[in-house]
Amino acid sequence: MNQIVLIKGMTCGGCVKSVEKALSTIEGVQEVSVTLNPPQADLQAAQTVTDQQINKALSAAGDYRVTTTEDNEPKKSAGSCCG
């Protein structure tokens, strides 16, 4: 099953890698592709993968969360996560 998830909180390439790694650890996720612009993840996953699992993985990776709309936050070249 293909699922597009909009993600809030990503500001740089490091965030993209962190989110991609976190989502790939969810049982049932076969493939993950994360982009910064637009801030989203494209998941190839079993139907058993829940929104709760996705949010839990995002939260564990940092200050990321699923959002229902693209927020109009300006993108920074380096976020606070990059030091």
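Can you tell me which residue within the range 12-35, out of those that are within 14 Å of ALA57 (Cβ to Cβ) and assigned to a loop (DSSP other than H, G, I, E, B), is most open to solvent (accessible area, probe 1.4 Å)?
Top of the filtered list is GLU27.
Can you tell me which residue within the range 59-72, out of those that are open to solvent by 40 Å² or more (accessible area, probe 1.4 Å) and of a type outside the set (A, V, I, L, M), is nearest to the chain's Cα centre (by Cα)?
In this case the residue turns out to be ARG65.
So, in the range 51-71, of the ones that are among the polar types (S, T, N, Q) and without any contact (Cβ under 8 Å) to a residue 24 or more places away in the chain, which residue ends up nearest to SER33 (Cα to Cα)?
Start the filter on the range 51-71 by keeping residues that are among the polar types (S, T, N, Q), which leaves 52-53, 55, 59, 67-69.
Applying the additional criterion that residues be without any contact (Cβ under 8 Å) to a residue 24 or more places away in the chain yields 52, 55, 59.
Working: GLN52: 19, ASN55: 16, SER59: 18 Å.
Filtering the range 51-71 for residues that are among the polar types (S, T, N, Q) and without any contact (Cβ under 8 Å) to a residue 24 or more places away in the chain, the one nearest to SER33 (Cα to Cα) comes out as ASN55.
Please specify each residue of the range 15-50 satisfying the condition of being among the β-branched types (Val, Ile, Thr) and either free of Cβ contacts under 8 Å to residues at least 40 places away in the same chain or in contact with a helix residue (DSSP H, G or I) (Cβ under 7 Å, 6 or more places away or on another chain) (or both).
Initial filter on the range 15-50 (among the β-branched types (Val, Ile, Thr)): 16, 19, 25-26, 29, 32, 34-35, 48-50.
Listed by number, the residues that qualify are VAL16, VAL19, THR25, ILE26, VAL29, VAL32, VAL34, THR35, THR48, THR50.
Tally up the residues in the range 43-58 that are open to solvent by less than 80 Å² (accessible area, probe 1.4 Å) and either in a helix (DSSP H, G or I) or polar (S, T, N, Q) (or both), please.
Looking only at that region, the number is 7.
Regarding the range 48-56, can at least one residue be identified that is within 15 Å of THR67 (Cβ to Cβ) and of a type outside the set (D, E, K, R)? Give the steps one after another, and end with the answer.
First pass over the range 48-56, keeping only residues within 15 Å of THR67 (Cβ to Cβ): 51, 54-55.
From the residues that got through so far, the ones that are of a type outside the set (D, E, K, R) too are 54-55.
For the range 48-56, residues within 15 Å of THR67 (Cβ to Cβ) and of a type outside the set (D, E, K, R): present.
Does the range 50-73 contain at least one residue that is at positive phi, modelled with pLDDT of 90 or more and not hydrophobic (A, V, I, L, M, F, W, C)?
Scanning the range 50-73 turns up at least one residue that is at positive phi, modelled with pLDDT of 90 or more and not hydrophobic (A, V, I, L, M, F, W, C).
The values are calculated or read from the model by the stated rules, or taken from the named source; none is laboratory data. No experiment lies behind these values; they were computed from the predicted model shown. Because the Cβ atoms are built from the backbone with ideal geometry, glycine has one as well, and the counts that use them run over all protein chains shown. SASA here: full protein model, heavy atoms, side chains in, ligands and nucleic acids out. Shrake-Rupley method; radii C 1.70, N 1.55, O 1.52, S 1.80 Å.
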